[in-house]
Amino acid sequence: DTEVTQTPKHLVMGMTNKKSLKCEQHMGHRAMYWYKQKAKKPPELMFVYSYEKLSINESVPSRFSPECPNSSLLNLHLHALQPEDSALYLCASSQVRASPDNEQFFGPGTRLTVL
Amino acid sequence: GIQVEQSPPDLILQEGANSTLRCNFSDSVNNLQWFHQNPWGQLINLFYIPSGTKQNGRLSATTVATERYSLLYISSSQTTDSGVYFCAVGWTNAGKSTFGDGTTLTVKP
């Protein structure tokens, strides 16, 4: 099974709301990733977790707060977002971060609209 | 960081035609993937191919790591092949991949 699931599929939130995105994988992968993708652009890396520890933060604003409660779950907590944060948020996982066999598998994404 | 350039940026084909998509990268890599992003945004794994040649049905890919490029071949294209094709490259110790800007493929019936 090479499935990564994400919930919700769509999310509309106001600038004062607090919401969370959820990602789950059951492939035994120990690296998990959050990407942000704007329309007609490639995915941009936001965060990387390796063995449940944050290993890469690509200078993401603090209004995005990642969390990895266990090896199967990855959350992205959202607070005080701006309209320009509207985008497709993609989660991915791979076996191990620092390994030649680093094939990433992506979830279907959450389409976020900030009003 | 690694620079990734994909060409062509846009490609329009008639159903049944063949095509070649290219991915050039600026530095040594040991991790290269091709993805197809469908209209709903899902990134579908096509190939994990840091070197060599692989085939899967009508699709095949070749990476020449020493010359820093990879090619994706699509034969007998179908309308369902439409979408954006991305290559993503990386070096193990960096722990992350860099995506090219993608090739948008439109296959007309």
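The values are calculated or read from the model by the stated rules, or taken from the named source; none is laboratory data. Model, not experiment: these values are computed from the prediction. Cβ coordinates were reconstructed from backbone atoms using ideal geometry, including for glycine residues, and neighbour counts include every protein chain displayed. Accessible surface is based on the protein model in full, side chains and every heavy atom, while ligands, DNA and RNA are left aside. Shrake-Rupley method; radii C 1.70, N 1.55, O 1.52, S 1.80 Å.
What part of the accessible area of segment A:1-92, given as a whole %, is carbon or sulfur when the probe is 1.4 angstrom?
Carbon-and-sulfur percentage of accessible area, whole number: 49.
For segment B:67-109, evaluate the Debye formula with one uniform point scatterer on each Cα (no solvent term) and list log10 I(q)/I(0) at q = 0.23, 0.26, 0.34 Å⁻¹, rounded to two decimals.
Result of the Debye calculation: -0.87, -0.98, -1.22.
Viscosity 0.692 mPa s, temperature 37 °C: give me the Stokes-Einstein translational D for the protein assembly as shown in µm²/s, with Rh taken as the Kirkwood radius over C-alpha pairs.
183 µm²/s
Roughly how much of B:T20 is accessible, in Å² to the nearest 10, using a 1.4 Å probe?
70 Å²
For segment A:35-96, state the average projected area of the convex hull of the C-alpha atoms over all orientations, rounded to one decimal in nm².
4.5 nm²
Averaged over all directions, how much area does the convex hull of the C-alpha atoms of segment A:1-56 cover when projected, in nm²?
5.3 nm²
Can you compute the FRET efficiency between B:R68 and A:T16 using 1/(1 + (r/R0)^6), with r the Cβ-Cβ distance and R0 = 41 Å? Round to the nearest 0.05.
Efficiency, rounded to the nearest 0.05: 0.30.
With all distinct Cα pairs included, what does the Kirkwood hydrodynamic radius of chain A come out to in Å, to one decimal, could you say?
Answer for chain A: a Kirkwood hydrodynamic radius of 14.1 Å.
Which FRET efficiency, nearest 0.05, do B:N18 and A:E58 yield, Cβ-Cβ r, R0 45 Å?
With R0 = 45 Å, the Cβ-Cβ based efficiency is 0.75.
Run the accessible area of chain B with a 1.4 Å probe and give the carbon-and-sulfur part as a rounded percent.
C and S atoms contribute 49 percent here.
Just to confirm, what accessible area per residue do you get for segment A:1-53 at 1.4 Å probe, in whole Å²?
Accessible area per residue, segment A:1-53: 58 Å².
If I build a Gaussian network model for chain B, linking alpha-carbon pairs within less than 10 angstrom, which residue out of B:N38, B:N24, B:N56 has the largest mean-square fluctuation?
Top of the fluctuation ranking is B:N56.
Leaving out ligands, DNA and RNA, calculate the buried accessible area for the pair B and A with a 1.4 Å probe, summed over both sides, in Å² to the nearest 100.
It comes to approximately 1700 Å² buried between B and A.
Could you pull out the pairs from A:K41/B:K108; A:K41/B:K96; A:K18/A:K38; A:K40/B:K96; A:K40/B:K54; A:K9/B:K108 whose alpha carbons sit more than 26 Å apart here?
Too far apart for the 26 Å limit: A:K40/B:K54; A:K9/B:K108.
Along the three principal axes, how long is chain B when you take its alpha carbons, biggest first, rounded to the nearest angstrom?
The Cα atoms of chain B stretch 44, 26, 20 Å along their principal axes.
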